[in-house]
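**Q** Sharing a structure, written as structure tokens. Questions coming.
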Amino acid sequence: MQVRDVMTREVVTVGPDTSTKYAAEVMAEHGYAALPVVDGNDRLVGIVAEADVLRDRLPADPRLHLRRDGPADPTPPLLVRGVMTRGVRTVDAGGDVSDVARLFVDDRLRSVPVLEDGRLAGIVSRRDLLRALVRPDDEIRRDLLRLIEGYTGDLGDWEVTVVEGIATVRRTAGTPEPSAAVEQRALHALARTVPGVVGAQVLPGDADGHRGAPVDVNASS
């Protein structure tokens, strides 16, 4: 499964010269943790997060502190360019979703911008990955069956079940092409491209008298 299959394409962005206060308003209103910062050519130049706009923007209340004669608080940057992070972690639209999941877990990120041909194409978040995981089994089964029938050209020759994201595929009629082993590996690969599939098992078909060991691979491997 590729990043483009799960990413959010309609991304709210700001420019380097956008008001920091406006960026904070957008994040507060929509519940965004961060906003990509792009230039006039949709090139990603940074990212501004909640922590960036909070930093130094809530002055201490002098009534709540013993010392009230300290130095005046400096004026915080008024534009996004003054608070944004320039070294941005990004992923490619054609990247593997499993790699993004590891990135989120290992680096404790909540979201990352997605690039395609060097330009911002979307953003992918933990919520996007979770949304793929909780797809109804019936939807997953329908998409997988359509892929299998399209790949093999054999309509009505398949038994496909999906339970808790685990897909099981078995040929019930017709002859595997070019061989049962090759077909099983191909169907396995197809299953792993369907959003929501977390594991797949391809059982040997009995339409041509062939029996053998099933292929069983975790979808995230």
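The values are calculated or read from the model by the stated rules, or taken from the named source; none is laboratory data. As the structure is a prediction and not an experimental result, all values here were calculated from the model. Cβ sites come from the backbone with ideal geometry, for glycine too, and all protein chains shown count toward neighbours.
**Q** Would you say V26 is in a loop (DSSP other than H, G, I, E, B) and either without any contact (Cβ under 8 Å) to a residue 24 or more places away in the chain or surrounded by fewer than 18 Cβ atoms within 10 Å (Cβ to Cβ) (or both)?
**A** For V26, the condition - in a loop (DSSP other than H, G, I, E, B) and either without any contact (Cβ under 8 Å) to a residue 24 or more places away in the chain or surrounded by fewer than 18 Cβ atoms within 10 Å (Cβ to Cβ) (or both) - is not met.
**Q** Ok, one more. At least 2 residues that are surrounded by fewer than 18 Cβ atoms within 10 Å (Cβ to Cβ) and of a type outside the set (K, R) in each: list the strands (runs of 3 or more DSSP E) lying fully within the range 116-198 that qualify.
**A** Working: elements: 119-125, 158-163, 166-171.
So the answer is 158-163.
**Q** Only one of (1) at negative phi; (2) within 24 Å of the chain's Cα centre (by Cα) fails for D42. Which number is that?
**A** Here D42 clears every test but (1).
**Q** Shifting gears a bit: Regarding L103, is this residue in a helix (DSSP H, G or I) and under 30 Å from E25 (Cβ atoms)?
**A** Numbers: in a helix (DSSP H, G or I): yes; under 30 Å from E25 (Cβ atoms): yes.
Yes.
**Q** Does G94 satisfy being assigned to a loop (DSSP other than H, G, I, E, B) and at pLDDT 90 or above? I'd like the intermediate steps shown before the answer.
**A** Details: assigned to a loop (DSSP other than H, G, I, E, B): yes; at pLDDT 90 or above: yes.
Yes, satisfied.
**Q** Between a residue in the range 80-106 that is within 14 Å of P36 (Cβ to Cβ) and any residue that is among the hydroxyl-bearing types (S, T, Y) and assigned to a loop (DSSP other than H, G, I, E, B), which pairs come within a Cβ distance under 6 Å, given they are 6 or more apart or on different chains?
**A** V80/T18
**Q** Let me ask something else about it. Filter the range 199-221 for residues that are surrounded by fewer than 20 Cβ atoms within 10 Å (Cβ to Cβ), modelled with pLDDT of 65 or more and not in a loop (DSSP other than H, G, I, E, B); which is farthest from the chain's Cα centre (by Cα)?
**A** Ranking the candidates gives L203 first.
**Q** Could you look through the range 14-23, keep only residues that are assigned to a helix (DSSP H, G or I) and not basic (K, R), and pick out the one that is nearest to the chain's Cα centre (by Cα)?
**A** So the first thing to find is which residues in the range 14-23 are assigned to a helix (DSSP H, G or I), and the list is 20-23.
Still in the running and not basic (K, R): 20, 22-23.
Working: T20: 27, Y22: 27, A23: 23 Å.
The qualifying residue nearest to the chain's Cα centre (by Cα) is A23.
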